[in-house]
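The values are calculated or read from the model by the stated rules, or taken from the named source; none is laboratory data. What you see is a predicted model; the values in this text were computed from it and never measured. Counting neighbours? That spans all protein chains shown, and the Cβs are built from the backbone with ideal geometry, glycine included. Protein only, heavy atoms only, side chains kept; ligands, DNA and RNA dropped before computing areas. Shrake-Rupley method; radii C 1.70, N 1.55, O 1.52, S 1.80 Å.
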Amino acid sequence: MFKIDTIQKSEYLNVIAVWEASVRATHHFLKEEDIQYFKPLILNNYLDAVELRSARNEQNEIIGFLGVAEQNLEMLFIHPNVRGIGIGKKLLHYAINELKITNVDVNEQNEQAVGFYKHFGFEIIDRSELDFSGKPFPILYMKLKKQT
């Protein structure tokens, strides 16, 4: 069982630990130096730039999180130890229904994530060869075409 809750700035180190575990399990195209490059950016810049929500287990530990800005799902990460039990689905539904997201940006090379968003009604509307930091990790821009 888990609940969706807000995240305090004092919990950012817990959030970044979930992010890193998730990225290591799903972003096989990233090298160690890429993970070390993005980690402080996310911790020190990007978490403050989005509206954050967490998925918490019965011990109130953060096991997943999402970040939204201007109706765009900027981040959705689930700890690999709890993947496949519906946390991502519940967070995505929350983002659509409560935070009113209509768009998501996703790494093209993260095929599981691309398939996940397509399954829930998102369609690719554009593509960029470079990610937000100018690195050669193509980004797919997806838009919600139907309610899930």
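Using Cβ point charges alone (K and R +1, D and E -1), the dipole size of the chain about the Cα centre works out to roughly 500 debye. Could you please state how large a percent of the accessible area of the range 1-68 is carbon and sulfur, counting protein chains only and using a 1.4 Å probe? Solvent-exposed carbon and sulfur of the range 1-68 make up 50 percent of the total. Helix-only arithmetic for the chain: the sum of -39500 (n - 2.57) across DSSP H runs with n ≥ 4, divided by the residue total, places the mean residue ellipticity at 222 nm at -9500 deg cm²/dmol. Paramagnetic label reach from Q71 (point 7 Å along Cα→Cβ; backbone nitrogen cut-off under 20 Å): within the range 110-124, residues 117-118, 120-124. Mean separation of Cα pairs under 8 Å and 6 or more residues apart, divided by the residue count, gives the range 23-117 a relative contact order of 23 percent.
Here the spin labels are modelled as points 7 Å beyond Cα on the Cα-Cβ line, and at E61 and E98 they lie 2.2 nm apart. Each principal axis of the Cα cloud of the chain was taken in turn, and the coordinate range along them, longest first, works out to 40, 38, 27 Å.
For I63, the residues whose modelled amide H falls within less than 5 Å of its own, excluding neighbours fewer than 5 places apart on the same chain, are A55, R56, N57. Take the Cα radius of gyration of the range 1-41 and divide it by 2.2 N^0.38 Å, N being the number of residues; the result is 1.35.
Residue by residue, the range 88-98 carries 3J(HN,Hα) couplings of x, 4, 5, 5, 5, 4, 4, 4, 5, 7, 9 Hz when phi is fed to the Karplus relation 6.51 cos²θ - 1.76 cosθ + 1.60 (θ = phi - 60°); x denotes Gly or Pro. Cross-link pairs exceeding 24 Å in C-alpha to C-alpha distance, out of K90/K135; K39/K135; K9/K118; K89/K118; K89/K143, comprise K90/K135; K9/K118. Residue order by solvent-accessible surface for F29, F65 is F29, F65, largest first, with ligands and nucleic acids left out and a 1.4 Å probe.
The slack between N14 and D48, meaning 0.36 nm per residue of separation minus the straight C-alpha distance, is 10.8 nm. Residues in the range 1-43 near a label at Q112, defined as backbone nitrogen under 12 Å from the 7 Å Cα→Cβ point? It comes to 21-29, nothing else. The residues of the chain expose, per residue, 54 Å² of accessible area to a 1.4 Å probe.
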